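Below is one structure; the comments refer to it alone.
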Amino acid sequence: MTEAAPNPFRIKGVARNEAFFNRLHEIDALSRRALSGEHTLLIAPRRFGKTSLLDKVASELTGRHGVGVVTVDLFKCPTLPEFLALTAREIIRSQKTPLSKLLAALRRRLPRLAPKVLINAQGEPELSARFESNPITLQDLDDLLNWHDAVSKPKRKLLIFDEIQEISSYDPSGKTEKYLRSVIQKLENTTVFYSGSLPTLLKEMFFERKRAFYQSALLLELGLAPPAEAEKYLRSKLGRLKPPPPAEYVASLVRAGHGHPYYVQLLGYWSWEFFAEKRDWDAFSAADVIGSIFRQERTAFENAISLLTQQQRQVFRAIAQDPRKPVTSLDFLRTHGLPGHSSVRKSVQRLEALGFVLKTDSGYVPSDPLLALWWSGWD
């Protein structure tokens with residue numbers, strides 16, 4: 001390695017190409033569902049690599065199968081009009097038809113659409129999606145989605161609504177959910193992927209009988225990656241250093257990160273930086289790297305813990321110190337000095353709703369392993 005060798009780990013933005021962290025099973029599953037027309041709900045806590053995974057799947061589907069992909073990020077849309085406008089804009093931008101032909105086709109098929117040719121930031125012409133009924137209405141979106149599904153090319157499409165839980169805040173009556181569901185169920189050439197980071201709210205939206213999206217999508221939950229995947233990824237990147245890291249050092253990173261995609265990247269990133277400075281694996285330890293991360297993440301960790309009540313903090317610390325144990329068992333309550341099982345159960349439910357813990361087949365585990373390590377009193 002030379003002094004100028006770039007760090008191969010990516011801790012900000014979307015991880016693409018060689019920076020992407022595995023997820024081979026999920027890529028295969030989502031690709032098959034997109035090609036077979038199976039609408040899917042992808043749930044993952046924040047920083048689990050959901051956006052990077054969807055970006056990777058979209059790239060594979062476009063490159064290998066010629067699927068047209070439209071992605072709408074609802075975090076950019078605090079209101080219904082902004083959601084409708086962004087969806088329309090992304091659909092128009094996704095078209096590969098020459099501008100003049102696209103303009104003519106839109107005017108012919110959607111007479112209420114009044115597109116304008118604008119010059120974007122790159123100095124290139126593009127169409128704006130403006131309707132006569134400005135701002136855009138649900139009916140306008142219905143017309144545009146049906147045009148996109150039936151007429152535009154390529155024939156097979158994938159529509160991704162990222163952070164779909166935001167739509168529930170647009171109106172308390174659920175009218176938007178009902179209308180969108182009615183539009184989507186008529187589409188014949190478009191698969192829809194919904195994704196989000198609030199498991200409790202999303203499961204209410206898609207699995208409670210009274211909700212409009214009830215049973216409208218298959219569920220795929222993105223969990224922590226297997227330790228073997230994390231180890232393979234870290235070895236492949238850190239192995240470029242000369243000499244490569246000792247096996248026990250990599251194993252220590254794997255144990256600390258628990259297969260969490262963000263922390264696998266972060267642990268790898270700071271290991272690379274420490275070695276670039278020290279030039280000797282014996283000059284620092286995995287604990288030094290973790291300590292550096294704690295200093296970097298301290299404000300974020302403190303802000304996260306501040307969202308919890310005193311009892312919720314106590315329960316979270318207990319789960320962090322003793323994961324996968326029956327949280328309402330007498331032994332667990334006594335060991336961690338917790339109150340009655342009814343109060344603990346409510347705290348656990350709230351921790352799960354807020355994304356602090358995940359429910360696995362073997363019990364509850366922290367969703368953020370380094371936050372848990374920090375909060376449990378790591379020294």
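The values are calculated or read from the model by the stated rules, or taken from the named source; none is laboratory data. Source: prediction; values computed, not measured. Cβ coordinates were reconstructed from backbone atoms using ideal geometry, including for glycine residues, and neighbour counts include every protein chain displayed. Protein only, heavy atoms only, side chains kept; ligands, DNA and RNA dropped before computing areas. Shrake-Rupley method; radii C 1.70, N 1.55, O 1.52, S 1.80 Å.
The table that follows gives values for the structure above.
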| quantity | calculated |
| --- | --- |
| Accessible area (Å², per residue) of region 287-378, counting only protein heavy atoms and a probe of 1.4 Å | 51 Å² |
| Tilt relative to the chain, helix 227-238 - C-alpha long axis, 0 to 90 degrees, to 10 | 90 degrees |
| Net lengthening on full extension, Asp322/Asp73 (0.36 nm per residue, minus Cα-Cα) | 86.0 nm |
| Fully extended contour minus Cα-Cα distance, from Glu248 to Arg209, at 0.36 nm per residue | 9.0 nm |
| Helix-only CD estimate at 222 nm, as mean residue ellipticity for the chain, using -39500 (n - 2.57) per DSSP H run (n ≥ 4) | -15500 deg cm²/dmol |
| Residue-wise HN-Hα coupling along region 21-35, computed from phi with Karplus coefficients 6.51, -1.76, 1.60 (Hz; x: Gly, Pro) | 9, 6, 6, 4, 4, 5, 4, 5, 5, 5, 5, 5, 5, 4, 6 |
| D (Stokes-Einstein, µm²/s), Kirkwood Cα radius, region 293-359, 0.692 mPa s at 37 °C | 264 µm²/s |
| Solvent-accessible area, 1.4 Å probe, carbon plus sulfur percent, for region 162-241 | 51 percent |
| Separation of the Lys346 and Asn7 label points, Cα + 7 Å toward Cβ, nm | 4.4 nm |
| Ala353 paired with Ala150, simple spin-label distance in nm, labels 7 Å along Cα-to-beta-carbon | 4.3 nm |
| 5 angstrom amide H check on Val192, placed H, neighbours 5+ away | His39, Thr40, Leu159 |
| Using a Förster distance of 25 Å, the FRET efficiency for Lys101-Glu188 (Cβ separation, nearest 0.05) | 0.60 |
| Relative contact order of the chain, defined on C-alpha pairs under 8 angstrom at six or more residues apart (%) | 18 percent |
| Rounded if a/c under 1.5, otherwise prolate or oblate - the chain, Cα gyration tensor axes | oblate |
| Inter-label distance for Glu273 and Leu35, nm, one decimal - labels placed 7 Å from Cα along Cα-to-Cβ | 4.1 nm |
| Region 312-379-region 143-193 distance, computed between alpha-carbon centres (Å) | 38 Å |
